[in-house]
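Quick notes on the structure that follows.
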């Protein structure tokens, strides 16, 4: 995933000053991609996030 983010932000010419990132998915993926974008110059307000995931059956049973 990380390599794809780096590849396509470069290939598509996405720049921090005129692009907003919207990250949606597993919390670990969101965190990784957010860090990549921040290191590439995206500011905090230019990266929007929505983290979600579905617990595995084992996790759900343990939480009950």
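Seen from a random direction on average, the alpha-carbon convex hull of segment 1-53 projects onto 3.3 square nanometres. Stretched out straight at 0.36 nm per residue, the stretch from residue 22 to residue 52 would grow longer than its current Cα-Cα span by 9.5 nm.
Counting every other Cβ atom within 10 Å of each residue's Cβ, 20, 9 order from fewest to most as 20, 9. In this rough spin-label picture, where each label sits 7 Å from Cα along the Cβ direction, the residue 3-residue 15 distance is 2.8 nm. Estimated from helical segments only, the mean residue ellipticity of the chain at 222 nm is -14000 deg cm²/dmol, where each DSSP H run of four or more residues counts as -39500 (n - 2.57). Give me the angle, in degrees from 0 to 90, between the Cα long axis of helix 27-39 and the longest principal axis of the Cα atoms of the chain, rounded to the nearest 10. Orientation of helix 27-39: about 20 degrees from the principal axis.
Ranking of 31, 17 by neighbouring Cβ atoms within 10 Å, starting from the fewest: 17, 31.
Here, each number is a calculation from the coordinates, and none is a lab measurement. Given the structure is predicted, the values throughout are model-derived calculations rather than measurements. Positions of Cβ are backbone-derived with ideal geometry, glycine not excepted, and every protein chain shown enters the neighbour counts.
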